[in-house]
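The next block holds one structure in the form of structure tokens; read it before the comments.
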Ligand code: DGL
């Protein structure tokens, strides 16, 4: 079975790592649209067009399911991606698994504790995370963090500037709420999960990668936990629309 994983760039590798751990014998095709990243600052029309093009490229690879690892594409372009893939390919976005993971973490919190969605501008503007969570009666805040993707891609994942920017984005929520759930609604943010946790003591920071892997297992009907070394892990074919635009810090993951 071949499974496609699509992201606007390299951020989806945080999701792919979890999928490779859970689906040891699966053949993955990863497409990172490095020629057009970031999607998070683009218009919804641009995100839809670019996402559909990438979906067509991946569907030509003979995949039977597609994980849209990019939160921005999942929020804005799932319909176009499904249309581009056609009926033979199951398409899974990351927003619903992320919402499920946040709701699960919220069960451990006092009644009325909020969910803070941290995401790109385009994801926040789509309002999808907020709508799905409010439908469940949850208090939701959505914070766009546009400075973080460039800092992470620069490899500044533990840099004082990164910590200062994270503090700017989250301090008002920490001051108004001693506890809550912070949902990482962008593929890049798992790389700085500790920075968010440091800025939000008392909060639970949720990375939805595990929930995405579980949702995929429901779709493809199996999980195949890897118990051994990396050499037993799944095969990955890499497609980058601009191979020269891959940030150096992710190269050990490829
Ligand atoms: N992959 C995008 C996301 O998860 C983040 C990077 C971008 O802006 O393209 O929303």
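Look at the range 139-163: where a residue is farther than 22 Å from residue 122 by Cβ and a partner is part of a loop (DSSP other than H, G, I, E, B), sitting 6+ places away or on another chain with Cβ atoms under 6 Å, you get 139/114. Evaluating residue 252 against the criteria (1) out of contact with any helix residue (DSSP H, G or I) (no Cβ under 9 Å at 6 or more places or on another chain); (2) modelled with pLDDT of 90 or more; (3) not in a strand (DSSP E or B) leaves one unmet condition, (2). In the range 36-76, how many are surrounded by fewer than 18 Cβ atoms within 10 Å (Cβ to Cβ), within 12 Å of the ligand (Cβ to nearest atom) and over 16 Å from the mean Cα position of the chain (by Cα)? The number of residues fulfilling the criteria is 1.
Residues in the range 18-32 that are in contact with a helix residue (DSSP H, G or I) (Cβ under 9 Å, 6 or more places away or on another chain), more than 25 Å from residue 122 (Cα to Cα) and part of a strand (DSSP E or B): 23, 28, 29.
Residue 108 fulfils the conditions (1) in a loop (DSSP other than H, G, I, E, B); (2) modelled with pLDDT under 95 except for a single criterion, (2). Only one of the listed residues (60, 55) is more than 18 Å from residue 121 (Cβ to Cβ) and in contact with a helix residue (DSSP H, G or I) (Cβ under 7 Å, 6 or more places away or on another chain). That residue is 55.
Determine, yes or no, whether residue 168 is surrounded by fewer than 16 Cβ atoms within 10 Å (Cβ to Cβ) and either outside any loop (DSSP other than H, G, I, E, B) or within 15 Å of the chain's Cα centre (by Cα) (or both). Yes; evaluated as a whole, the condition is true for this residue. Contact annotation: no residue pair with Cβ atoms under 6 Å, 6 or more positions apart or on different chains, pairs a residue in the range 56-82 that is at positive phi with a partner that is modelled with pLDDT of 95 or more and part of a helix (DSSP H, G or I). Residues in the range 90-103 that are away from the ligand (no atom under 16 Å from the Cβ) and touching a residue at least 40 places away in the same chain (Cβ under 8 Å): 2 in all.
Total residues in the range 5-17 satisfying the condition of being crowded, with 21+ Cβ neighbours inside 10 Å and either in a helix (DSSP H, G or I) or in contact with a helix residue (DSSP H, G or I) (Cβ under 6 Å, 6 or more places away or on another chain) (or both): the figure is 7. Considering the range 139-165, and only residues there that are part of a loop (DSSP other than H, G, I, E, B) and touching a strand residue (DSSP E or B) at 6+ places or on another chain (Cβ under 8 Å), the residue that is nearest to residue 192 (Cα to Cα) turns out to be 145.
The values are calculated or read from the model by the stated rules, or taken from the named source; none is laboratory data. What you are looking at is a predicted structure, and each value in this text was computed from that prediction instead of being measured. Positions of Cβ are generated from backbone atoms using ideal geometry, with glycine treated the same way; all protein chains shown enter the neighbour counts.
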